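Enquirer: Can you read through this structure? Questions will come right after.
The values are calculated or read from the model by the stated rules, or taken from the named source; none is laboratory data. These figures come from a predicted structure and were not determined experimentally. Neighbour counts are summed over all protein chains in view; Cβ atoms, including those assigned to glycine, are modelled from backbone coordinates with ideal geometry. Surface areas here come from the heavy atoms of the whole protein model, side chains and all, with no ligands, DNA or RNA. Shrake-Rupley method; radii C 1.70, N 1.55, O 1.52, S 1.80 Å.
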Amino acid sequence: MKKDKRLTYKKLRHPEIGNIRVYQVSEHASLAAAQFISDITKDNPVAAITYATGETMIPVYRALATMVNRGEVDFSETKAFHLDEYYPCSPDSPHSFARYIRERVFEALRISEENRFLINGLAEDPEAEAQRYNSLLKKEKIDLAILGIGPGSHIGFNEQGTSFDKETHLATLSQETTNRDKIERGQNTPEHAITQGISNILSARKILLLGYGSKKGTYLNSALTESITPDIPASALRLVGDKVSVFIDNEAARSLNIGFSAV
Ligand code: GLP
């Protein structure tokens, strides 16, 4: 058993990824993730960070906002990017990731206006918008990329079959992804998205991946235990495993075909 300030976790031994932590419940993993992100910002107050969206991240960003409000950490000088946005998508639409980032990250963490970088889901030319965003990313060294995992073990909107060399691009969403949105979540989302590519993600100095519950456990199991292949987009993280941290809950860990280490 290890203690992460107040949160107990078990470490999972993996051939490529050095830091896989299993927390008893997702709430603990989220608090630990917030602590991890806050520590990076305290060490480097001008850190450039890529933020994922999605339900998984809600408690993480909420915990960070609480730390900001208590004056424990200051994100104002950090640079904030996001991973992906539906296309076409108005920044005021309920499912817009730009909207999510504006509300839960930019505003909640009080990031200065000049340090907020959004993907424009209404750009006339989505390929040109992907290029614009890619150039912004390439001007920076991203200190931390925060990731969730989705259908088909996608990261961002890099769906199965996407080359690991790809930079920011316009992606066509898989049937599994559109079904998740339409059937499971009742959201009428577009069938395309602009997403950071796997190459952008892998070039970050650190990567933090979060996944909770049994469904995420199956996506994680493919990514962590099957082949490293574009057919399992998150498996690319194993190519840079020494800078990757994966925080999961017990429920997700139960789907993994690798045992807990005793440490
Ligand atoms: C979406 C996004 C990802 C996100 C993932 C998990 O499809 N493209 O960027 O990380 O799915 O989302 P959630 O946490 O809501 O399950």
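Enquirer: Could you check how much of the accessible area of segment 1-146 is carbon and sulfur, as a whole percent, using a 1.4 Å probe? Write down the numbers at each step before the final one.
Expert: Working: 3290 of 6710 Å².
Accessible surface attributable to carbon and sulfur in segment 1-146 totals 49 percent.
Enquirer: For segment 89-159, what relative contact order do you get, as a whole percent, if you take Cα pairs closer than 8 Å and at least 6 residues apart? Mind showing how you got there, number by number?
Expert: Details: 34 pairs, mean separation 14.1, N = 71.
This gives 20 percent for segment 89-159.
Enquirer: While we're looking at this one, here's another question. Label segment 7-156 by shape, choosing from rounded, prolate and oblate, from the square roots a ≥ b ≥ c of the eigenvalues of the Cα gyration tensor; if a/c is under 1.5 it is rounded, and otherwise prolate applies when a/b is larger than b/c, oblate when it is not. All intermediate terms of the calculation are to be shown ahead of the outcome.
Expert: Values: a/c = 1.67, a/b = 1.37, b/c = 1.22.
Judged from the Cα gyration tensor, segment 7-156 comes out prolate (a/c at least 1.5, a/b above b/c).
Enquirer: Still on this structure, please answer the following. As an exercise, identify the trypsin sites (Lys or Arg not before Pro) in segment 1-72 lying in DSSP coil whose Cβ has no more than 11 other Cβ atoms within 10 Å. Numbers along the way, then the final one.
Expert: Working: sites: LYS2, LYS3, LYS5, ARG6, LYS10, LYS11, ARG13, ARG21, LYS42, ARG62, ARG70; in loops: LYS5, ARG6, ARG13, ARG70.
Here the trypsin sites (Lys or Arg not before Pro) that fit, given the DSSP loop and packing criteria, are LYS5, ARG6, ARG70.
Enquirer: Where a ≥ b ≥ c are the square roots of the eigenvalues of the C-alpha gyration tensor, would you call segment 100-216 rounded, which needs a/c under 1.5, or, failing that, prolate if a/b is larger than b/c, or oblate? Walk me through the numbers on the way to the answer.
Expert: Details: a/c = 1.33, a/b = 1.28, b/c = 1.04.
Cα axes put segment 100-216 in the rounded bin.
Enquirer: Still on this structure: Just to confirm, what accessible area per residue do you get for segment 161-238 at 1.4 Å probe, in whole Å²? Write out the running numbers ahead of the final one.
Expert: Details: 3160 Å² over 78 residues.
So segment 161-238 comes to 41 Å² accessible per residue, rounded to a whole number.
Enquirer: Ranked by accessible surface with a 1.4 Å probe, highest first, in what order do HIS154, HIS28 come? Could the numbers behind the result be given before it?
Expert: Numbers: HIS154 10, HIS28 60 Å².
Heavy-atom accessible area, descending, gives HIS28, HIS154.
Enquirer: So what is the relative contact order for the chain, in percent, with contacts set as C-alpha pairs under 8 Å and at least six apart? List each step's numbers first, then the result.
Expert: On the way: 568 pairs, mean separation 65.8, N = 263.
Computed value for the chain: 25 percent relative contact order.
Enquirer: Among bridges DSSP assigns within the chain, what percent are antiparallel (round to 5)?
Expert: Numbers: 18 of 39 bridges.
Taking every DSSP beta bridge within the chain, about 45 percent pair in antiparallel fashion.
Enquirer: Under a plain spin-label model, where a point goes 7 Å from the Cα along Cα-to-Cβ, how far apart in nm are LYS166 and GLN187?
Expert: About 1.9 nm separates the two model spin labels.
Enquirer: For segment 23-125, what's the relative contact order in percent, using C-alpha pairs closer than 8 Å and at least 6 residues apart? Don't jump to the answer; show the numbers that get you there.
Expert: Working: 141 pairs, mean separation 29.2, N = 103.
With pairs under 8 Å counted, the relative contact order is 28 percent.
Enquirer: Okay, moving on. Using just the helices of the chain, give the 222 nm mean residue ellipticity in deg cm²/dmol: DSSP H runs with n ≥ 4 each add -39,500 (n - 2.57), and the total is spread over all residues, rounded to 500.
Expert: Working: 8 runs with 76 residues, N = 263.
Dividing the helical sum by the residues of the chain leaves -8500 deg cm²/dmol.
Enquirer: Next question. By the gyration tensor of its Cα atoms, with a ≥ b ≥ c the square roots of the eigenvalues, what is the shape of segment 204-252: rounded for a/c under 1.5, prolate for a/b over b/c, or oblate?
Expert: On the way: a/c = 2.48, a/b = 1.21, b/c = 2.05.
Oblate, since a/c reaches 1.5 and b/c is not below a/b.
Enquirer: Moving on to the next point. Along Cα→Cβ, 7 Å out, is where each label goes; now give me the distance between the ones at SER214 and GLU16 in nm to one decimal.
Expert: 2.8 nm
Enquirer: If you count only protein heavy atoms with a 1.4 Å probe, what accessible area per residue comes out for segment 1-147, rounded to a whole Å²? Let's see the in-between values first.
Expert: Working: 6710 Å² over 147 residues.
Accessible area per residue, segment 1-147: 46 Å².
Enquirer: At 0.36 nm per residue, minus the direct Cα-Cα distance, what do ASN69 and LYS139 gain on full extension? Give it in nm, one decimal, please. Could the numbers behind the result be given before it?
Expert: On the way: separation 70, 0.36 × 70 = 25.20 nm, distance 3.03 nm.
Result: 22.2 nm gained on full extension.
Enquirer: Would you mind pulling out the separation of the Cα centroids of segment 209-259 and segment 119-169, in Å?
Expert: Value for the Cα centre distance between the two parts: 20 Å.
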